[in-house]
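Peer 1: Quick one: structure below, then a few questions.
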Amino acid sequence: MSDDVNFYIMKFEPEVQKRLMEIRFTALDIFQDVGEKLYHGAPSFTLDGNTIMDYAAYKKHISIILAYWWKTDWEERSREIMDFLKTNYPQYGYTQYTIQFPHKDDFPYELIKIICNLLWQDRFQEALQ
């Protein structure tokens, strides 16, 4: 595990740390043989030099950023996943490639698993083509 990511997580309040660690451990469990680094100041998961997913904590929320830069059709696939998330989980905030989880709400641990599985499944399918 990356010391830089450890230091990033430790600068937040205990409840935010817990949520960030849950994202981290869920992703590390699902994404096999990935690297971790800080990218633009936020934790990032990489595989073969390509970013899979970023996550970050802010004053009022935690964000997960879909990182499909390794896919040729990344914009289209990101829109598909974001449309799926917006339709099925409308209670969260969204920007173009980001889903936001407010600190004031219960944290959606199962949704984190779904997002990680969607991203990993796509990475695996791309490698088979």
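What follows is calculated from the coordinates using simple rules that are stated; it is not laboratory data. A quick note: this is a predicted structure, and the numbers were derived from the prediction, not measured. FYI the Cβ positions are ideal-geometry reconstructions off the backbone, even for glycines, and counts take in every protein chain you see.
Peer 1: Hey, rough spin-label estimate for residue 79 and residue 94, points 7 angstrom out along Cα→Cβ, what's it come to in nanometres?
Peer 2: My value for the distance between the label points is 1.2 nm.
Peer 1: Compute a Gaussian network model of the chain, connecting alpha carbons closer than 10 Å, and tell me which residue from 60, 113, 37 fluctuates the most.
Peer 2: Looking only at 60, 113, 37, the biggest GNM fluctuation is shown by 60.
Peer 1: Within the chain, which is the longest segment that contains none of the chymotrypsin sites (Phe, Trp or Tyr not before Pro) sitting in a DSSP loop with at most 13 other Cβ atoms within 10 Å? The partial results should precede the final answer.
Peer 2: Numbers: sites that count: 58, 69.
The segment 70-129 is the longest one with no such site.
Peer 1: Can you give me the Kirkwood hydrodynamic radius for region 3-128, using every pair of distinct Cα atoms, in Å to one decimal?
Peer 2: Numbers: mean 1/r = 0.0678 Å⁻¹.
Result for region 3-128, one decimal place: 14.7 Å.
Peer 1: So for the chain, averaging the separation of alpha carbon pairs under 8 Å that are six or more residues apart and normalising by length, what relative contact order in percent results?
Peer 2: Numbers: 150 pairs, mean separation 27.5, N = 129.
About 21 percent, as a whole number.
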